Amino acid sequence: MTSSSGASRRQVLAVAAAAATAPLLAGAPARAAESKGNASTTWDLTVLGTSDTHGNVYNWDYYQDAEYDDSKHNDVGVAKLATLVNQIRAERKGKATLVLDAGDTIQGTPLATYYAKQEPITATGETHPMANAMNVLRYDAVTLGNHEFNYGLPLLAQWIDQLGFPALAANAINEKTGKPAFLPYVIKSVDVGGHGAPKLNVGILGLTNPGVAIWDKDNVAGKLVFADMIATAAKWVPIMRERGADVVIISAHGGDSGTSSYGSELPNENPVALIAQQVPGIDAILFGHAHNEVPEKFVTNTATGEQVLTSEPSKWGQRLTRMDFTLAREKGRWKVVAKRATLLNTNTVVEDPAVLAAVRGQHTKTVNYVNQVVARSSVELSAAESRYKDTPILDFINHVQTEVVTAALAGTAYAGLPVLSIAAPFSRSAVFPAGDVRIRDVAGLYVYDNTLEAVVLTGAEVKAYLEYSAKYFVTLPVGAAVDPATISDPGVPDYNYDTLSGVDYDIDISKPVGQRITRLVLPGTDTPVAADAQFVVAVNNYRRSGGGNFPGIVKTQVYNAQQEIRQLLIDWAQAKGVIDPADFSVPNWKLVRAGVPVF
């Protein structure tokens, strides 16, 4: 996406010197005189936290064209969050209350996609719906998540400009200057209310996810580098304390598992517990990225023995973190004497009308767009069984990807190579109904904004890739009961299980991981795939750039036209007019045990 001249002037890489040397202070940093009241007097601070809202404003499922609902009757959206926030602000009127977000904001729904792709804010100048919604809620700061980088730096810069509050990412570094590319932190000077207390200075440090360097390599390579989150916290927390922060809170877009989906290639993807443990001077961490519910977890800092409060508020606006801090004055300084956290459920409140009004036109435009009919399906196609059976609806993805890459490589040195294709079961609920298929149905099948690429793999690399993918399944010995609900390893998400078209293969789930591809042959034959055979493999940009840490796939592309896969599926359906499995369904893989099909 090309930048407008205005966006260029605001280019996120051109960080102001103030960001690194004199970060924003919301109010005077000087300490007022200490209260001469009773020494036992305490004050309190409440910090509210959201994360991974992923483009959800209304409590709406654009794929179902209906109010959002799930098996636990969760609700979603910033409008629901705003109602909870406003209730707490009213309850605490006159007392210090801050609202933070830990990232992944502008990607994840057709609403967000529409204003990045169909009518991008960089072209129209329109305010992004997530800026409209969050400005009504009146956040104090947002941390950039990895998905903020999905649509390129110009769009990110424009969205940041539209916010009425700062966007933070201390460990996103301008590669040319070595300085922070975004504001590292802010210090908010707040009135705790009553007893003649001096102002309380709350430092908020933002940390984004180092995985951006892999997942959005095309957008950030040569422009940004992403430093270790632990080391970055260790650098900035003392500086924030020196510059007047009485309380230090980190807003981090990373989980707390201590593991990474990409292995050890980059700094840790989920280091929140390690940050709390290793970096002194932190009072609490609001975190996200993993989409987990962590109401309250304390981590002991090994250097100080202090308990660091951590909390993660699930995803999509389903939960709101509430952190409460009790403070006292000791020797002229503020001291946190107690802290706790809990999660509030947004399904207990109605949507805030002001947030709904701010985004109503954009929501309506998105609903109208996704309800456009693109084709008719001859039969119903469902993804419900795609994780463990070869289904026509995933074959549809692979067929379109294969067709596009084959056509693009015609007349090139790669034209004679067989084309394989990779697809993952992103959604268990995706369905093409018999009859009219709409944009929302296709978007519900392919929920990510991935683009199509292709690389060359050998037969040996194809087998290694499939072996890695097959770790998705738990080991089930011959004769053991098979339940589709528990057939997969809960530690491996559905989007990290890939199926492959263009070769025939069996996955033996009774065998150990790494020994499960017991049959890998050329299509329709019994001829084994030779280790030195060469194939062009169509793959999405997330996987090709290292997402999921699959072996062999991170290499130079032989095709990369920056075409969005979801749009390619829509275009194919529109051109054909009819989606008929007879045109693309080729059963080529199955789960077995000792050669006997599982299903």
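Residues in the stretch 232-244: is at least one part of a loop (DSSP other than H, G, I, E, B) and modelled with pLDDT under 95? Talk me through it step by step, then tell me what you get.
Step one: of the stretch 232-244, the residues part of a loop (DSSP other than H, G, I, E, B) are 243-244.
From the residues that got through so far, the ones that are modelled with pLDDT under 95 too are none.
Among the residues of the stretch 232-244, not one is part of a loop (DSSP other than H, G, I, E, B) and modelled with pLDDT under 95, which makes the answer no.
Can you name the strands (runs of 3 or more DSSP E) wholly within the stretch 404-520 that have at least 2 residues being over 29 Å from D218 (Cα atoms)? Give the steps one after another, and end with the answer.
On the way: elements: 419-423, 435-438, 451-458, 499-501, 504-508.
Fully inside the stretch 404-520 and qualifying: 435-438, 504-508.
Yes or no: G317 under 26 Å from the mean Cα position of the chain (by Cα), loosely packed, with under 15 Cβ neighbours inside 10 Å and of a type in the set (G, A, S)? Explain how you work it out, then say what you get.
Working: under 26 Å from the mean Cα position of the chain (by Cα): yes; loosely packed, with under 15 Cβ neighbours inside 10 Å: no; of a type in the set (G, A, S): yes.
The answer is no for G317.
Among the residues of the stretch 491-511, which ones are surrounded by fewer than 16 Cβ atoms within 10 Å (Cβ to Cβ) and either more than 29 Å from the chain's Cα centre (by Cα) or closer than 18 Å to S386 by Cβ (or both)?
Step one: of the stretch 491-511, the residues surrounded by fewer than 16 Cβ atoms within 10 Å (Cβ to Cβ) are 491, 493-494.
Those that are surrounded by fewer than 16 Cβ atoms within 10 Å (Cβ to Cβ) and either more than 29 Å from the chain's Cα centre (by Cα) or closer than 18 Å to S386 by Cβ (or both): P493, D494.
Could you count how many residues in the stretch 130-182 are assigned to a loop (DSSP other than H, G, I, E, B), open to solvent by less than 30 Å² (accessible area, probe 1.4 Å) and closer than 29 Å to A354 by Cβ? Can you show your working first?
Step one: list which residues in the stretch 130-182 are assigned to a loop (DSSP other than H, G, I, E, B), which gives 138-140, 144-145, 150-152, 163-166, 169-171, 175-179, 181-182.
Next, only the ones that are open to solvent by less than 30 Å² (accessible area, probe 1.4 Å) stay: 139-140, 144-145, 151-152, 163, 165-166, 169-171, 181-182.
Now restrict to residues that are closer than 29 Å to A354 by Cβ: 139-140, 144-145, 151, 163, 165-166, 169, 182.
Going through the stretch 130-182 one residue at a time, the tally reaches 10.
Counting just the residues of the stretch 231-261 that are aliphatic (A, V, I, L, M), open to solvent by 10 Å² or more (accessible area, probe 1.4 Å) and under 24 Å from K335 (Cα atoms), which one comes out farthest from the chain's Cα centre (by Cα)?
Residues of the stretch 231-261 that are aliphatic (A, V, I, L, M), as a first pass: 231, 233-234, 237, 239-240, 245, 247-250, 252.
From what's left, open to solvent by 10 Å² or more (accessible area, probe 1.4 Å): 231, 234, 239.
Then keep just the ones that are under 24 Å from K335 (Cα atoms); that gives 234, 239.
On the way: A234: 25, I239: 29 Å.
Only one residue fits best here, namely I239.
A485 - would you say it is aliphatic (A, V, I, L, M), open to solvent by 50 Å² or more (accessible area, probe 1.4 Å) and within 27 Å of the chain's Cα centre (by Cα)?
Yes; evaluated as a whole, the condition is true for this residue.
To keep it simple, each residue is scored yes or no on (1) closer than 24 Å to I214 by Cα; (2) open to solvent by less than 20 Å² (accessible area, probe 1.4 Å); (3) in contact (Cβ under 8 Å) with a residue 40 or more places away in the chain.
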residue	(1), (2), (3)
P425	yes, yes, yes
S429	no, no, yes
D449	yes, no, yes
L466	yes, yes, yes
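For the stretch 440-487, name all the residues that are closer than 29 Å to E564 by Cβ and of a type in the set (D, E).
Listed by number, the residues that qualify are D441, D449, E453, E461.
For residues that are of a type in the set (A, V, I, L, M, F, W, C), open to solvent by less than 60 Å² (accessible area, probe 1.4 Å) and under 22 Å from D246 (Cβ atoms), tally how many sit in the stretch 284-314.
Our first condition is that a residue be of a type in the set (A, V, I, L, M, F, W, C); within the stretch 284-314, this holds for 284-287, 290, 294, 298-299, 303, 308-309.
Okay, now just the ones that are also open to solvent by less than 60 Å² (accessible area, probe 1.4 Å), so 284-287, 290, 294, 299, 308-309.
Applying the additional criterion that residues be under 22 Å from D246 (Cβ atoms) yields 284-287, 299, 308-309.
So the count comes out to 7.
Do we find a residue being assigned to a loop (DSSP other than H, G, I, E, B), open to solvent by less than 20 Å² (accessible area, probe 1.4 Å) and either at pLDDT below 95 or not acidic (D, E) (or both) anywhere in the stretch 213-225?
Residues of the stretch 213-225 assigned to a loop (DSSP other than H, G, I, E, B): 216, 221-223.
Then keep just the ones that are open to solvent by less than 20 Å² (accessible area, probe 1.4 Å); that gives 216.
Then keep just the ones that are either at pLDDT below 95 or not acidic (D, E) (or both); that gives 216.
Within the stretch 213-225 (the criterion being assigned to a loop (DSSP other than H, G, I, E, B), open to solvent by less than 20 Å² (accessible area, probe 1.4 Å) and either at pLDDT below 95 or not acidic (D, E) (or both)), the answer is yes, since at least one residue qualifies.
Tell me which residues, restricted to the stretch 83-122, are touching a strand residue (DSSP E or B) at 6+ places or on another chain (Cβ under 9 Å), open to solvent by 10 Å² or more (accessible area, probe 1.4 Å), outside any helix (DSSP H, G or I) and not β-branched (V, I, T).
Result: R92, K95.
Would the stretch 181-193 turn up any residue that is among the small types (G, A, S) and modelled with pLDDT of 95 or more?
The first filter runs over the stretch 181-193 and keeps only residues among the small types (G, A, S), leaving 181, 189, 193.
Retained after the next criterion (residues that are modelled with pLDDT of 95 or more): 181, 189.
Yes, the stretch 181-193 has at least one match.
Among (1) in contact with a His (Cβ under 8 Å, 6 or more places away or on another chain); (2) surrounded by fewer than 21 Cβ atoms within 10 Å (Cβ to Cβ); (3) farther than 19 Å from L137 by Cα; (4) not aromatic (F, W, Y), where does D191 come up short?
If we test D191 against (1) in contact with a His (Cβ under 8 Å, 6 or more places away or on another chain); (2) surrounded by fewer than 21 Cβ atoms within 10 Å (Cβ to Cβ); (3) farther than 19 Å from L137 by Cα; (4) not aromatic (F, W, Y), just (1) comes out false.
When the residues of the stretch 360-390 are narrowed to those that are open to solvent by less than 70 Å² (accessible area, probe 1.4 Å) and without any contact (Cβ under 8 Å) to a residue 24 or more places away in the chain, which ends up nearest to R438 (Cα to Cα)?
T364
What is the number of the single condition among (1) touching an Asp or Glu at 6+ places or on another chain (Cβ under 6 Å); (2) part of a loop (DSSP other than H, G, I, E, B) that V192 does not meet?
(1)
The values are calculated or read from the model by the stated rules, or taken from the named source; none is laboratory data. Everything quoted here is computed from the prediction, not taken from an experiment. Every residue, glycine among them, receives a Cβ derived from its backbone with ideal geometry; neighbour counts consider all protein chains shown. Just so you know, the surface numbers come from the protein's heavy atoms only, side chains and all, with ligands and any DNA or RNA stripped out. Shrake-Rupley method; radii C 1.70, N 1.55, O 1.52, S 1.80 Å.
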